[in-house]
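Report on the following structure.
The values are calculated or read from the model by the stated rules, or taken from the named source; none is laboratory data. Because the structure is a prediction, the values reported are computed rather than measured. All Cβ positions, glycine included, derive from the backbone under ideal geometry; neighbour counts span all protein chains shown.
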Amino acid sequence: MITEAQQQQIMAAVARAEAATEGEIVCVFARQVSHYPEVSIAAAAFAALVLPPVALALGAHPLELLHQAQALYPALSAWTVRPNPEAELAIVLDDYAILQGLLFTVVGLVSTLPAVRRLLTPGTLKRHRVHKAAWAQFVATGLHTTAGATGVLIFASLDDRVVEVVAEEDIHRKVGDKVWAAAVAAVRGGMKARDPVKGFVGAIEICGAALAEHFPAAGPHANAVSDRLVEL
């Protein structure tokens with residue numbers, strides 16, 4: 001997703017930001033954090049369990065549909081017409097079960113298409129998964145072990161369209177939500193404009209200025225974590 005030239009732009013921005021602070025900044029860019037298989041299953045189950053009863057409530061009558069089908073296609077009468085209502089009811093119940101199976105299969109397959117699945121996935125679930133992935137990367141990159149606990153991670157998931165900034169509690173208490181919101185907005189703006197690098201650079205500058213204000217450098221910056229953007 002990121003070329004080497006773009007990597008160099010981000011690394012240069014991180015180096016500039018860190019030069020004035022004891023803090024560390026890491027950027028992570030993911031295509032997506034999950035395939036959300038439960039969304040396809042939930043959509044298929046919803047279609048199979050809810051749509052047929054809704055059709056009945058809206059006036060669809062299985063027996064009438066059966067007789068209409070027989071009128072249109074007389075050949076069906078040879079194996080569908082029965083002399084008693086119980087037999088007809090059994091046919092209707094069989095057809096109902098078959099319809100549920102077809103709905104489950106068709107909707108389940110359609111909802112596995114990436115564009116459809118993204119549309120069906122609730123925003124709360126996306127934010128939850130990105131939040132977990134961001135904290136996992138915060139630990140994996142070693143930001144939680146930096147001296148003074150001054151690490152900040154900027155995490156963006158392209159397909160999920162979710163951005164999150166993760167920082168230690170002490171940093172968050174001093175900096176506040178306004179700075180993080182501005183950094184998130186910068187990355188979102190870059191992704192919306194199809195220029196994620198510009199968004200990351202803007203967020204790095206915002207976070208770097210906040211870190212420089214509250215955690216100024218006491219000397220030359222000792223780079224404890226790589227400045228290179230992590231791609232997932």
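Exactly one residue out of Val130, Val106, Val116 is in a helix (DSSP H, G or I) and assigned by TED's automatic domain parsing to the domain that holds Val184, and it is Val130.
Scanning region 1-15 for residues that are over 17 Å from Ile204 (Cα atoms) and either under 24 Å from the mean Cα position of the chain (by Cα) or at pLDDT 95 or above (or both) returns Met1, Thr3. Screening Arg194, Arg188 for residues that are in a loop (DSSP other than H, G, I, E, B) and either closer than 26 Å to Glu4 by Cβ or in contact with an Asp or Glu (Cβ under 9 Å, 6 or more places away or on another chain) (or both) leaves exactly one candidate, Arg194. When region 156-170 is filtered for residues that are touching a residue at least 40 places away in the same chain (Cβ under 8 Å) and charged (D, E, K, R), the ones remaining, listed by number, are Asp159, Asp160. Remark: pairs (first residue in region 199-220, in the same structural domain as Asp170 (by TED's automatic domain parsing) and more than 10 Å from Val179 (Cβ to Cβ); second residue surrounded by 17 or more Cβ atoms within 10 Å (Cβ to Cβ) and aromatic (Phe, Trp, Tyr); Cβ separation under 9 Å; 6+ apart in sequence or on different chains) = Phe200/Phe29.
Residue pairs whose Cβ atoms lie under 7 Å apart, separated by 6 or more positions or on different chains, with the first residue in region 39-53 and in the same structural domain as Gln100 (by TED's automatic domain parsing) and the second part of a helix (DSSP H, G or I) and aromatic (Phe, Trp, Tyr), are Ala44/Phe104; Ala45/Phe104; Ala47/Phe104; Ala48/Phe104; Pro52/Tyr96. If you check Arg173, Arg161 for being at pLDDT 90 or above and either under 17 Å from Ala30 (Cβ atoms) or more than 22 Å from the chain's Cα centre (by Cα) (or both), only one passes: Arg161.
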